[in-house]
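A quick write-up on the structure given underneath.
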Amino acid sequence: QQPVQSPQAVILREGEDAVINCSSSKALYSVHWYRQKHGEAPVFLMILLKGGEQKGHEKISASFNEKKQQSSLYLTASQLSYSGTYFCGTERSGGSNYKLTFGKGTLLTVNP
Amino acid sequence: GAVVSQHPSWVICKSGTSVKIECRSLDFQATTMFWYRQFPKQSLMLMATSNEGSKATYEQGVEKDKFLINHASLTLSTLTVTSAHPEDSSFYICSAIGGADRNTIYFGEGSWLTVV
């Protein structure tokens with residue numbers, strides 16, 4: 001079942017922060033976050049494997065609440081290069097097949 | 001990180017013809033690759049799981065006779081769209097579980113297919 005992402009779109013000014021949420025109605029084993037620029041393939045940002053895990057990548061970090069079946073992606077002090085569509089991909093089974101179901105995406109636009 | 005390469009990046013074909021898209025893992029062996037399709041402004045939809053040396057596993061609603069997948073080696077999977085129709089026009093992306101970090105899934109650059 002497809003995870004639900006929110007918001008669908010967000011517009012920021014350079015330097016502002018944003019949070020993108022991803023929630024599932026099913027128990028999750030892992031959550032993967034990707035950013036996709038128009039016309040390009042998705043680029044891996046991070047994977048969260050454990051409940052309550054938090055990871056960081058430059059000024060982009062994420063959390064995974066296994067009990068709530070939710071993950072959030074945090075973008076701080078946004079840069080123009082952060083613009084793109086962010087997808088969360090969720091893995092439901094016990095990690096043996098890496099099959100991801102992607103949300104519909106969140107379009108992030110960072111303006112000067 | 002691990003590199004996954006797709007070819008061709010762009011292809012235009014006539015209705016009724018077949019087109020093959022290649023997905024290669026350049027610096028690692030990938031026993032499992034995935035094929036996705038993405039329509040404009042939509043999410044990535046998993047089409048099938050490609051397993052080296054065995055038949056691909058197709059998702060519900062994906063015609064296995066139309067989308068032929070061959071994973072003949074540990075570094076190459078191919079997707080052949082047979083008897084293509086304009087509605088098959090889409091962005092096709094492959095991914096593979098990569099290299100030293102088996103928890104990371106790397107995507108190829110994608111292939112734009114336009115059927116005229």
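So here's what we get for this one:
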| read-out | value |
| --- | --- |
| Residue check for residue B:29: in a loop (DSSP other than H, G, I, E, B), away from chain A (no Cβ under 12 Å) and among the polar types (S, T, N, Q) | yes |
| In segment B:3-26, residue farthest from the other protein chains (Cβ to nearest Cβ) [restricted to those that are β-branched (Val, Ile, Thr) and not in a strand (DSSP E or B)] | B:17 |
| Flag if residue A:94 is assigned to a strand (DSSP E or B) and modelled with pLDDT under 85 | no |
| Whichever residue in segment B:19-42 is surrounded by 21 or more Cβ atoms within 10 Å (Cβ to Cβ) and among the hydroxyl-bearing types (Ser, Thr, Tyr) and, among such residues, is nearest to the chain's Cα centre (by Cα) | B:36 |
| Spans of strands (runs of 3 or more DSSP E) in segment A:3-75 with at least 2 residues under 20 Å from residue A:85 (Cβ atoms) | A:4-6, A:9-13, A:18-23, A:30-36, A:43-48, A:60-65, A:70-75 |
| Boolean, residue B:68 is assigned to a strand (DSSP E or B), among the hydrophobic types (A, V, I, L, M, F, W, C) and over 30 Å from residue A:8 (Cβ atoms) | yes |
| Count - residues of segment A:31-47 that are under 15 Å from residue A:73 (Cα atoms), touching a residue at least 12 places away in the same chain (Cβ under 8 Å) and facing chain B (nearest Cβ under 10 Å) | 6 |
| Which numbered condition residue B:72 fails, given (1) without any contact (Cβ under 8 Å) to a residue 40 or more places away in the chain; (2) within 14 Å of chain A (Cβ to nearest Cβ); (3) among the aliphatic types (A, V, I, L, M) | (2) |
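The values are calculated or read from the model by the stated rules, or taken from the named source; none is laboratory data. Note that the structure is predicted; figures quoted are calculated from it, not measured. Every residue, glycine as well, gets a Cβ built from its backbone with ideal geometry; the counts of neighbours run over all protein chains shown.
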